[in-house]
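*Asks:* Take a look at this one; I'll ask things after.
The values are calculated or read from the model by the stated rules, or taken from the named source; none is laboratory data. Computed from a predicted structure; not experimentally measured. FYI the Cβ positions are ideal-geometry reconstructions off the backbone, even for glycines, and counts take in every protein chain you see. All accessible areas refer to the heavy atoms of the entire protein, side chains included, with ligands and DNA or RNA removed. Shrake-Rupley method; radii C 1.70, N 1.55, O 1.52, S 1.80 Å.
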Amino acid sequence: MVEQSIGKSVLRKEDLRFITGNGRYTGDIDLRGQTHGYFVRSPYAHAVVGEVDTSEARSMPGVVAILTGKQVAEDELGGLPCGWMIHSKDGSEMKQPLHPVMAATKVNYVGEPVALVVADSFDEAKNAAEHVSVDYEELPAVVSTAAAQSGPDIYAEAPGNTCYQWELGEKAATDAAIEGAAHVTRYSLTNNRLIPNALEPRAAIADFNRGTEELTLYTTSQNPHLARLILTAFVQIAPEHKLRIIAPDVGGGFGSKIFVYSEETALAWASMKLGVAIKWTAERSESFLADAHGRDHVSDAELAMDEEGNFLALRVKTTANMGAYLSTFASAVPTYLYGTLLAGQYKTPNIYVEVDSVFTNTAPVDAYRGAGRPEATFLVERIVDLAAKELGVDPAELRRKNMIQPADFPYQTPVALEYDIGDYEVSLNKALEMADYAGFANRKADSEANGKLRGIGLSCYIEACGLAPSALAGALGAGVGLWESGEVRVNPTGSVTVLTGTHSHGQGHETTFAQLVASRFGISVDDVEVVHGDTGKMDFGLGTYGSRSLSVGGSALSVAADKVVEKGRKIAAHLLEGDVDNIDFEDGEFRLKESNRSKTFQEIAFAAYVPHDYPIEELEPGLAEKAFYDPVNFTYPAGTHICEVEIDPETGVTEITKFTAVDDFGTIINPMIVEGQVHGGVAQGIGQAMLEQCVYDESGQLQTGSFMDYCMPRADDLPNFTVGMTTTVCTHNPVGAKGCGEAGAIGSPPAIINAITDAVGVRDISMPATPEKVWRAIQEQRA
Amino acid sequence: MSISVQLNVNGKSVKLDCPANTTLVDLIRERLELTGTHVGCDTSQCGACTVHLNGRAVKSCTILAAQCEGAEVTTIEGLGDTDNLHPMQEAFRECHGLQCGFCTPGMIMSAVDLVHREPSINERVIREGLEGNICRCTGYHNIVLAVESAAKKMRN
Amino acid sequence: MYDFNYHKPDSIDEAVQLFLGAEDGIYLAGGHTLLPSMKQRLAAPTDLIDLAGIDSLSGIEDVGADLEIGALTAHDEVATSSVVQSGIPALAELASLIGDAQVRNRGTIGGSVSNSDPAADYPAGVLGLGAEIVTNKRTIAADDFFTAMFETALEEGELLTKIKFPKPESAAYVKFPNPASRYATVGVFIALTGSGVRVAITGAAPSVFRSTDMEKALNSEFSVEALEGITLDAGEMNSDLHATAEYRAHLCTVMAKRAVLKLL
């Protein structure tokens, strides 16, 4: 009997290749005869594109071809679409200006591709690109999120640079509740713009075979099928059955590799046009300019309470920056992934949110780890903290008082979601204990004795993962389904090949999914191989984002595995000469009840493929099953994060002395991997709260265009993390899992800012709370 | 200008001609096809390209192949293979010190040099010693544990 | 990076001749400033003259009153040298704070000092200790060497060969690193020498400089309190994304106090 591995920290199957240098990322692949692409990018944030003179560049050594945005227009390629239609409160559709594969007539952000140089080597392509001469007529740039609506219009079809004006919740009831409230806490905030910076820069190789007319695109994608759908149905590069997209090992995504970008699209088009394979690997400088950025909200919020501190209403007005174009899922981020989360863990009866999304002359902004939910959580958990300070009550107690209780589930929030299950107070209590909240006063006194400031901050977050169900999402504007596919192929020898439509780029699916399937069949994890990331191999799938892979993709696999067991029982009934209802499957054996007769999983697999003694009239041979799983609801991971900081008042340097995260992710397959996801998410949350900030100057030039200026968290910036788990099992998927990929980045930023403001004794310090900002706040507070 | 360079990579003598502007990482990846060494930035910050040059960790994106004449270079492929893992490779796996794997080869090469040069290894030494390597996935927590664990094995 | 001619001379004379004969030559030491700027195509020399073949440019020597450090000596060699650790421990510490481990294994003192980056660490040590910069032609006092941002007294083709650091009675370096690049936002080097206290500050202004106000105060009373109330003129300071001039001015005093504290 093989040991059951669910809930065990099985070491990762994928690691052996990565620790020995045998990973195979897109940039590691070279094709025979391949050429290299380099993009000519706009140096201006906003300019009319005049003549593009490629004559000099074309004659340079090694140059194969130079293709421009004007040729894209001549070939009538479709624009890059946004996959979620948002309707404004007046019922009108969001404005979606053409997002060209390469700009032909006007550029709208620094770094926008204008031409593609194809040459025999990377250096030759880059050298020639410098000699492509583009006439630009510079226009005034719109950069600021807050002021975008009063800037000059970037697009005639989007007056006031407004993409949409969306609302959710009951306005009149919320206004009335605020009007009559005993206490209203007000808070204005900026959620700082971030640059995802997965460590592997984006890359692609497009390889068109004139003989088969098949185009193979290797690319750094979190969802290759979705990329294929967009490139075929919208951009109309190639028919779907002639386009194969392979996303091999991918070096981190965090959302930024969900989207279909100009570069791989242009490469695919150029490869078909020229009949050569073309490779492009972004230099990090290009990643900074042209990867989709994240966050970038400006908000005003009001939280109304009665005399006892019971929340009565929350009113929010947010302006969200979309950048120059609507990226693949950009429109959904500040709406259905943000406004719907404003209830948090609390029984706030009235919530109303308005979101204006605006265009600016900056890189497109789209989902980045958490996507909308960190912005919602930051707003809620900061304003709740401010309310506690204003009321003079313990922030933990004010939260506890307003929390949704276990008896309240399923709980319908005033902002569309129905939470299925949770026990928020259990997580809060466990976090308070693990963080030694009770001992804080003593530690603060010790710090003060040493001339240091000490603060503690909480954040009780909730998120909605596994975006679903498809029909609801469709009704809300989604352009795609939100189910997932899975296939479980039992091989004749009893080993198993698992195919999933999700994509692993650090999350460890090759191990987690193997554990899930191996446990179901009672076989060893080593006998299960997980295959993903190739449209030529598996069924259509939606990919990996929004912490959906286990709860949706794992559920598909669970259903497929059940089907395998069902078929196995039928085969076993035949072989054991019993009734199928009397066949049990347990620990890898099909047993005939009330007998000592049984068949192993491997014996059944063999019988299925070598059907010599087989119920062939009733049952097809073979043992492979598929499932397409469409969830009935979102999942709702939740928990409490507590941050404790010590500050050097002379410099403002802030050290996180302890960071505690207690999360409820439902059923956990591999605790080691889950804790790793929490660590990584919290690190990115600390990055947002203390270090990272994307800055454009007034003319739209990116000021933080390299790791020299964009401050990435390094090993010596971060503490060790204290991680705990609580569990309420998701009620509506067969795995019971809720998802764990984004929680760290969602829960942590408000806990950190709450801790820092607590230490300094000020109302607010904006993110990132750099040493200078903290120092200035201390000066202000002392003045 | 073309130059001729002779060096030793992972125990094998290599002699080749290349343009003078070839970096060590280009030589390793493009000419020797050792793709375990990665490039994650263009400003010598991220450390994904870290290899050992004459036994010390260096950023191979910021060294010319020409500067490596006569040198001994070790890449992740030369540190240990799947049948014979270096204790640092083993520890990264055991401690879940990697997720997407892209920074991992450089991180491991830096960590090995760190253990070799630092007389005493503790959390602070590891965190400061790895400041030249950026990991976006792990939050470094498990990397620190891996290096602590490997250091013990390497010293035994 | 663009193509260039690569040379690896054996002697200083040959190196200088190659430089003078080149259309746009440049010396290559560790390359940790030069190569990144060439990769970014911000520098495009026609000829690189690699100094690594000139043995006389490397090494650390204790010559009694001075430490002599060859131009090609890597930061890590300085940081871990027992000669430096016992002769001028603050200089070893300064070297240990430059960049990161990989950078310290390749970057050189001569390269750093010749480049005169306003945020580099070494200039603070060189100026703070009142070192002498020895070239193929002459010896230049540190006080005369750093002339402006990225500019020094070195003439066209003049090659820094070694730096002579007089051993102080004691010295300390305290750095406030830029959180992203790890260069110095502010770095203060304080040395107690036979001729008084020297205070050199890097990172804060367009070029490393001595704070005469701080020196005067510390010469009259070497204490943390002596620096109380001394605030450098923010008008003279750099201001960027990471620190405003006002904050830098403040940090100069704080770092200076901390350096003094280390010396008490």
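*Asks:* Residue-wise, which Karplus ³J(HN,Hα) couplings in Hz belong to the stretch C:33-49, taking 6.51 cos²θ - 1.76 cosθ + 1.60, θ = phi - 60°, and x for glycine or proline?
*Replies:* Values per residue, Gly and Pro as x: 10, 5, 5, x, 6, 5, 5, 6, 6, 8, 10, 9, x, 7, 9, 9, 10 Hz.
*Asks:* Are there trypsin sites (Lys or Arg not before Pro) in the stretch C:29-104 that DSSP marks as loop and that have at most 12 other Cβ atoms within 10 Å, and which are they? Could the numbers behind the result be given before it?
*Replies:* Values: sites: C:39, C:41, C:104; in loops: C:41.
Loop-located and lightly packed - C:41.
*Asks:* Next question. Please report the accessible area of residue C:98 (heavy atoms, 1.4 Å probe, ligands and nucleic acids excluded) in Å², nearest 10.
*Replies:* Probe radius 1.4 Å; accessible area of residue C:98 about 20 Å².
*Asks:* How do the peptides A:451-458, A:6-13, A:665-672 rank, highest first, by the average count of neighbouring beta carbon atoms within 10 Å per residue? Please list the in-between numbers first.
*Replies:* Values: A:451-458: 21.5, A:6-13: 18.1, A:665-672: 23.1.
Most protected by this proxy first, the peptides run A:665-672, A:451-458, A:6-13.
*Asks:* Starting from the Cα of residue C:138, step 7 Å along the direction of its Cβ; do the same at residue A:580; then give the gap between the two resulting points in nm.
*Replies:* Taking the two extended label points, one gets 9.9 nm.
*Asks:* Something else about it: Kindly provide the GluC sites (Glu not before Pro) of the stretch C:118-163 that DSSP labels as loop, not H, G, I, E or B, and whose Cβ sees at most 13 other Cβ atoms within 10 Å. Display every interim value, and only then the final one.
*Replies:* On the way: sites: C:132, C:151, C:155, C:156, C:158; in loops: C:155, C:156, C:158.
For GluC sites (Glu not before Pro) across the stretch C:118-163 that sit outside H, G, I, E and B with at most 13 neighbouring Cβ atoms in 10 Å, the list reads C:155, C:156.
*Asks:* Follow-up. Could you name every residue in the stretch C:1-15 that has 10 Å² or more less accessible surface in the full protein assembly than in its own chain alone (probe 1.4 Å, ligands and nucleic acids excluded)?
*Replies:* For the stretch C:1-15, once contacts with the other chains are taken into account, C:1, C:2, C:3, C:4, C:5, C:6, C:8 lose 10 Å² or more.
*Asks:* Still on this structure: Tell me which of A:335, A:358, A:266 sits at the most positive position along the dipole axis of the stretch A:235-364, charges placed on C-beta atoms (Lys, Arg +1; Asp, Glu -1).
*Replies:* Value: A:266.
*Asks:* Could you please state how large a percent of the accessible area of chain A is carbon and sulfur, counting protein chains only and using a 1.4 Å probe?
*Replies:* With neighbouring chains kept in place, the figure for chain A is 49 percent.
*Asks:* With r as the distance between the Cβ atoms of residue C:46 and residue C:193 and R0 = 56 Å, compute the FRET efficiency 1/(1 + (r/R0)^6) and round to 0.05.
*Replies:* The value I calculate is 0.85.
*Asks:* Of A:658/C:257; A:347/A:430; A:452/B:152; A:13/A:658; A:95/A:317; A:317/A:738, which pairs sit farther than 25 Å apart, going by alpha carbon to alpha carbon?
*Replies:* Values: A:658/C:257 29 Å; A:347/A:430 21 Å; A:452/B:152 35 Å; A:13/A:658 32 Å; A:95/A:317 20 Å; A:317/A:738 29 Å.
Beyond 25 Å between Cα atoms: A:658/C:257; A:452/B:152; A:13/A:658; A:317/A:738.
*Asks:* Let me make sure I get this right: for chain A, a, b and c are the square roots of the gyration tensor eigenvalues over alpha carbons, sorted descending. Under 1.5 in a/c it's rounded, otherwise prolate if a/b > b/c, else oblate. Which is it?
*Replies:* Values: a/c = 1.76, a/b = 1.07, b/c = 1.64.
Taking the square roots of the gyration eigenvalues as a ≥ b ≥ c, chain A is oblate.
*Asks:* With a Förster radius of 60 Å, plug the Cβ-Cβ distance of residue A:782 and residue A:600 into 1/(1 + (r/R0)^6) and report the FRET value to the nearest 0.05.
*Replies:* Efficiency for this residue pair is about 0.20.
*Asks:* While we're on this one: Heavy-atom accessible area of residue A:75 with all protein chains present, probe 1.4 Å, nearest 10 Å²?
*Replies:* 70
*Asks:* Considering Cα pairs under 8 angstrom that are at least six residues apart, work out the relative contact order of chain C and quote it in whole percent.
*Replies:* Once divided by the residue count of chain C, the mean separation gives 15 percent.
*Asks:* For residue A:329, what residues show an amide H to amide H distance below 5 Å, using hydrogens built from the backbone and excluding near sequence neighbours?
*Replies:* It is A:83, A:367, by chain and number.
*Asks:* Evaluate the charge dipole of the stretch A:194-283 about its Cα centre and quote only its size in Debye, nearest 20, assuming +1 on the Cβ of each Lys and Arg and -1 on the Cβ of each Asp and Glu.
*Replies:* On the way: 8 positive and 9 negative charges, 30 e Å.
Here the size comes out at about 140 debye.
*Asks:* State, as an integer percentage, the relative contact order of the stretch B:87-155 based on alpha-carbon contacts under 8 Å between residues 6 or more apart.
*Replies:* Values: 75 pairs, mean separation 36.3, N = 69.
Once normalised by length, the contact order is 53 percent.
*Asks:* At a threshold of 8 angstrom on Cα-Cα distance, excluding pairs fewer than six apart, so keeping six or more, what relative contact order does the stretch B:2-76 reach in percent? Provide the component values of the computation, followed by the final result.
*Replies:* On the way: 145 pairs, mean separation 29.5, N = 75.
In percent, rounded to a whole number, it is 39.
*Asks:* Which of rounded, prolate or oblate describes the stretch A:1-144 when judged by the alpha-carbon gyration tensor and an a/c cut-off of 1.5? Present the calculation step by step, with values, prior to reporting the outcome.
*Replies:* Numbers: a/c = 2.88, a/b = 1.34, b/c = 2.15.
Oblate shape, in that a/c is at least 1.5 and b/c is the bigger or equal ratio.
*Asks:* Computed FRET efficiency, Cβ-Cβ of residue A:138 and residue A:210, R0 35 Å: what is it to the nearest 0.05? All intermediate terms of the calculation are to be shown ahead of the outcome.
*Replies:* Numbers: r = 42 Å, r/R0 = 1.19.
With a Förster radius of 35 Å, E is 0.25.
*Asks:* Sticking with this structure for a sec: Residues of C:92-101, mean number of Cβ from any other protein chain within 10 Å of their own Cβ, rounded to a whole number?
*Replies:* Numbers: counts 0, 0, 0, 0, 1, 1, 0, 5, 15, 17.
Mean partner shielding for this stretch: 4.
*Asks:* Turning to a different aspect of this structure: Report the one residue of A:560, A:543, A:523 whose Cα lies farthest in the direction of the positive end of the charge dipole of the stretch A:483-629 (charges on C-beta: Lys and Arg +1, Asp and Glu -1; origin at the Cα centre).
*Replies:* The one lying farthest along the dipole's positive direction is A:543.
*Asks:* Quick one: which residues, 5+ away or cross-chain, put their amide H under 5 Å from the amide H of residue A:35? H built at 1.01 Å from N.
*Replies:* Sorted by chain and number, the residues that satisfy this are A:277, A:278, A:279.
*Asks:* Grab the Cα-Cα distance for residue A:153 and residue A:29, subtract it from 0.36 nm times how many residues apart they are, and report the gain in nm with one decimal. Intermediate values should be presented prior to the final figure.
*Replies:* Details: separation 124, 0.36 × 124 = 44.64 nm, distance 4.33 nm.
Here the segment from residue A:153 to residue A:29 would lengthen by 40.3 nm.
*Asks:* Can you say what percent of the DSSP beta bridges in the protein assembly as shown, counting only those with both residues inside, are antiparallel? Round to 5. Can you show the working numbers first?
*Replies:* Working: 152 of 189 bridges.
Antiparallel bridges make up about 80 percent of those DSSP assigns within the protein assembly as shown.
*Asks:* Using Cα centres only, tell me the gap between the stretch A:539-608 and the stretch A:245-270 in whole Å.
*Replies:* So the separation of the two Cα centres works out to 36 Å.
*Asks:* Quantify how strongly other chains surround peptide A:8-19 by giving the mean number of their Cβ atoms within 10 Å of each of its Cβ atoms.
*Replies:* Values: counts 0, 1, 0, 4, 5, 0, 5, 11, 5, 3, 14, 21.
Whole-number average of other-chain Cβ neighbours for A:8-19 is 6.
*Asks:* Only four residue types carry charge here, +1 at the Cβ of Lys and Arg and -1 at the Cβ of Asp and Glu. Report the dipole size of the protein assembly as shown about the Cα centre in Debye, rounded to the nearest 20.
*Replies:* Working: 94 positive and 161 negative charges, 214 e Å.
In total the dipole reaches around 1020 debye.
*Asks:* Could you give the dipole magnitude of the stretch C:170-263 about its Cα centre, charging the beta-carbon of Lys and Arg +1 and that of Asp and Glu -1, in debye to the nearest 20? Write out the running numbers ahead of the final one.
*Replies:* Numbers: 9 positive and 9 negative charges, 86 e Å.
Taking the Cα centre of the stretch C:170-263 as origin, the dipole is about 420 debye.
*Asks:* Between residue B:13 and residue A:92, what is the label-point separation in nm under the 7 Å Cα-to-beta-carbon projection?
*Replies:* About 7.6 nm separates the two model spin labels.
*Asks:* From the phi of every residue in the stretch A:147-162, what ³J(HN,Hα) in whole Hz does the Karplus formula 6.51 cos²θ - 1.76 cosθ + 1.60 yield, where θ is phi - 60° and glycine or proline is x?
*Replies:* Couplings: 9, 4, 6, 9, x, x, 6, 7, 10, 4, 7, 10, x, x, 6, 9 Hz.
*Asks:* In addition: Quick one: accessible area per residue over chain A, 1.4 Å probe, rounded to a whole number of Å²?
*Replies:* 32
*Asks:* Let me ask you something else. Working from the alpha-carbon coordinates of the stretch B:87-155, get Rg over Rh, Rh being the Kirkwood radius. Intermediate values should be presented prior to the final figure.
*Replies:* Numbers: Rg = 10.4 Å, Rh = 11.5 Å.
Reported Rg/Rh (Cα atoms, Kirkwood Rh): 0.91.
*Asks:* Can you work out the PRE-style zone for residue B:31? Point 7 Å along Cα to Cβ, and I want the residues of the stretch B:41-84 with backbone N under 15 Å.
*Replies:* B:60-74
*Asks:* Taking amide H positions as placed in the peptide plane 1.01 Å from N, state which residues far from residue B:23 in sequence (5 or more) or on other chains have amide H under 5 Å from it.
*Replies:* Amide H neighbours of residue B:23, under 5 Å, 5+ apart: B:65.
*Asks:* Could you list the GluC sites (Glu not before Pro) in the stretch C:187-231 that lie in coil according to DSSP, counting only those with at most 16 other Cβ atoms within 10 Å of their Cβ? Walk me through the numbers before you get to the answer.
*Replies:* Values: sites: C:215, C:221, C:225, C:228; in loops: C:221, C:228.
Taking the stretch C:187-231 and a limit of 16 other Cβ atoms within 10 Å, the loop GluC sites (Glu not before Pro) found are C:221, C:228.
*Asks:* Let me cross-check residue A:273: its accessible surface, 1.4 Å probe, with only protein heavy atoms counted, in Å² to the nearest 10?
*Replies:* 90
*Asks:* Of A:73, A:478, A:614, whose Cα points farthest to the positive end of the dipole of chain A (charges on the beta-carbon: +1 Lys, Arg; -1 Asp, Glu; origin at the Cα centre)?
*Replies:* Of the options given, the answer is A:614.
*Asks:* To the nearest whole number, what is the average tally of beta carbon atoms from other chains within 10 Å of the beta carbons of peptide C:243-249?
*Replies:* Details: counts 4, 2, 0, 4, 8, 1, 0.
The mean count of partner-chain Cβ atoms within 10 Å per residue comes to 3.
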